[in-house]
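Trainee: Mind looking over this structure? Questions follow.
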Amino acid sequence: MKNPTRTLRIALSLLILVAISPAAAEERSPTGIPYQNEVPDDPYVASPRADHPRSPAKRFTRDSFFAVQVNVDALGQNIVGDAANEPSIAVDPTDPDKMVIGWRQFDTITSNFRQAGYGYTIDGGQTWTFPGVIEPGIFRSDPVLDSDSQGGVYYNSLTVENEYDFFCDVFRSPEAGQPWDSGTSAQGGDKQWMVIDKTGGVGDGHIYSFWTSYWSICGPGFFTRSVDDGDSYEDCIAIPDDPYWGTLAVAPGSGLNPSGMLYTVGAYDSDLVVARSFNARYAGQAVTWDLSTVVDLGGFIDSRTGPNPGGLLGQAHVATAFSADPGGYGVYVLCSVNPPGSDPLDVMFARSSNRGVSWSAPVRVNNDPGNAWQWFGTM
């Protein structure tokens, strides 16, 4: 975690965000107790960008693909000596040319002190504005960004007190390029994730978040919901089988199935587990989980080895999409996992056609001949 990457780049037309970074906050030791690294190692030392030299920013184009550096100055130049990693992106669904990226900002590569950095574009990623950080001098990490159906942007940010009290704040902006508000306490803990319902259904605008239970500020709970557009967050509850290092997804709905069904996925011993909530979309009901099922991806999430000796090599991802399945949509899980044998890491994928009740056999996504570190596959 102490080797910040020098640049962030966004690649279009498929909107692939490229970041070569030592990622993830905490990993489980062989005894099963999670490691945690999200504490300040160095004190904050102001390093104004005006004092840094400049160099040409990174840009690459090939056919219909282009990559452009995001953390640049007002003239589009690279700021020599600062750094950024662990990016997260939010796209305005009402105008996809508007995007916001958040990252861990290091004002100088001589210090591991990190802040909530961000940048935005209003021209589809051709040019970027990097205003700086949300709260200068405040330790923040694990940025997770999403947008609502109206184009509002939400920035979930982890911070810590007393070295062991991890909690999250969510900052809001009405659209890309507009100022952030002062932030709302959103419960939280180390290695959180967040998703916002954009289905247009009864749960539209609901915000869901979960994190690692071991580092929860409100244990034994490690999941929260906002039903008032982020003005407040509910008391924490638990998710069956204690998933960690995962993500969430909201189903679009189809046919007789109403939109807004919530799915979570996370590590579960040497497998992954998917939990489903039918009623999370109903503001007047306490969230309950009507399904929890193990998904075999043919391996386990590994950490502290290979290309990332200080962090995770993968994070579990879940997604939903319209399909011809009997449920009206498909549910999909993907993760980089350590499979049996000599191959150290593969990106594996599985699909459910019955709303998460059962899952296909895992399919290997990468087509290399083996013995390669296919790390941090995302979906």
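Trainee: Based on the alpha-carbon gyration tensor of segment 75-177 and its eigenvalue square roots a ≥ b ≥ c, which shape applies: rounded if a/c is under 1.5, prolate if not and a/b is larger than b/c, or oblate?
Mentor: oblate
Trainee: Where the only charges are on Cβ atoms (+1 Lys, Arg; -1 Asp, Glu), what is the dipole of the chain about its Cα centre, to the nearest 20 debye?
Mentor: Computed charge dipole of the chain: roughly 960 debye.
Trainee: I'd like the Karplus ³J(HN,Hα) series for segment 141-147: coefficients 6.51, -1.76, 1.60, θ = phi - 60°, whole numbers in Hz, and an x wherever there's a Gly or Pro.
Mentor: 8, 6, x, 9, 10, 7, 10
Trainee: So for segment 76-134, averaging the separation of alpha carbon pairs under 8 Å that are six or more residues apart and normalising by length, what relative contact order in percent results?
Mentor: After rounding, I find 29 percent.
Trainee: Provide the per-residue ³J(HN,Hα) series for segment 306-322, in order, calculated from phi with Karplus coefficients 6.51, -1.76, 1.60 and θ = phi - 60°, each as a whole number of Hz, with x at glycine and proline positions.
Mentor: x, x, 9, x, x, x, 6, 9, x, 9, 6, 10, 10, 9, 10, 7, 4
Trainee: Between segment 324-368 and segment 116-164, what's the alpha-carbon centroid distance in Å?
Mentor: Comparing the Cα centres of segment 324-368 and segment 116-164, I get a distance of 30 Å.
Trainee: Shifting gears a bit: So for segment 105-174, averaging the separation of alpha carbon pairs under 8 Å that are six or more residues apart and normalising by length, what relative contact order in percent results?
Mentor: Value for segment 105-174: 21 percent.
Trainee: Still on this structure, I have one more. Among 168, 55, 141, whose Cα projects farthest towards the positive end of the dipole of segment 36-168, with charges put on the beta-carbon of Lys, Arg (+1) and Asp, Glu (-1)?
Mentor: The residue sitting farthest along the positive end of the dipole is 55.
Trainee: Now a separate question. Using a/c under 1.5 as the rounded threshold, could you call segment 215-315 rounded, prolate or oblate? The axes a ≥ b ≥ c are square roots of the C-alpha gyration tensor eigenvalues, and prolate needs a/b larger than b/c, oblate otherwise.
Mentor: Verdict is prolate for segment 215-315.
Trainee: While we're looking at this one, here's another question. For the chain, calculate the relative contact order in percent as a whole number, restricting contacts to Cα pairs under 8 Å that are 6 or more residues apart.
Mentor: Computed over the chain, the figure is 10 percent.
Trainee: Something else about it: Considering only DSSP states other than H, G, I, E and B, which chymotrypsin sites (Phe, Trp or Tyr not before Pro) in segment 279-379 qualify as loop sites with at most 16 other Cβ atoms within 10 Å?
Mentor: For chymotrypsin sites (Phe, Trp or Tyr not before Pro) across segment 279-379 that sit outside H, G, I, E and B with at most 16 neighbouring Cβ atoms in 10 Å, the list reads 282.
Trainee: Rounded, prolate or oblate: pick one for the chain, where a ≥ b ≥ c are the square roots of the eigenvalues of its C-alpha gyration tensor, a/c under 1.5 means rounded, and failing that, prolate if a/b is larger than b/c, else oblate.
Mentor: Here the chain falls in the rounded category.
Trainee: While we're here: Could you tell me the calculated FRET efficiency between residue 271 and residue 150, based on Cβ-Cβ distance and R0 = 35 angstrom, to the nearest 0.05?
Mentor: Between residue 271 and residue 150 the formula returns 0.40.
Just so you know, all these numbers are worked out from the coordinates, no wet-lab data involved. Here the structure is a predicted model, which means the values were calculated and not measured. So basically every Cβ, Gly included, is an ideal-geometry build from the backbone, and we count neighbours across all protein chains shown.
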